[in-house]
Amino acid sequence: MNHFPPKEVSEDPYMVVIRGEEQTLKGYADRSQWPTDADGVHTQGLNSIRLTHLQSGTVEDVPLDNVKAVFFVKDFSGQTSHVDLLFHDRLPAMECLWIRIRFDDGETIEGMIENTQDHIMGPGFFMAPADPIGNNWLIYVSKSKLTGFEILGLRPRVKTLHRSKSVRNA
């Protein structure tokens, strides 16, 4: 089974950027609000995220019905001059699907998802960006905002998409 959030020692909240059709919100999402694994998220989706806004510090439950994606970022400043690395050809094919998605606003992102049915079953899925040095380390993608989904190949598992011990030992 997939686990989200990743099992980390840190208690710090996640830094997230929520991008919708007409707005972008930046802030902190407390780790305690996330499910212990992604199975329920893949089939039922995320309805909202409790966000502490970066600038004002106000707390708001942000509904995700008109959200393109939730980006889990390393920092809020981003890397405006960074050009995403879009092609991985030095890795052996293994457990993740390497995909390219297109949003209805024209943005294209490549990344890795579990090679399971989870991305098909629910309203959204988690994707690890293909670019290891970009600002995003994990993205929850809302399928309602996608206009394209391509499988580019198979790749090895990435750290942000890992299985529980019980599944590995099964």
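Figures for the structure shown
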| read-out | value |
| --- | --- |
| At R0 = 35 Å, FRET efficiency that the Cβ-Cβ distance of residue 56 and residue 147 yields, to 0.05 | 0.55 |
| Cβ-derived FRET efficiency at R0 25 Å, residue 65 paired with residue 120, nearest 0.05 | 0.80 |
| Inter-probe distance in nm under a simple model that places probes 7 Å from Cα toward Cβ, at residue 11 and residue 75 | 2.6 nm |
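No lab work stands behind these numbers, since they all come straight from the coordinates. Worth saying up front: this structure is predicted, and the values here are computed from it rather than measured. Cβ atoms come from the backbone with ideal geometry, glycine included; neighbour counts cover every protein chain shown.
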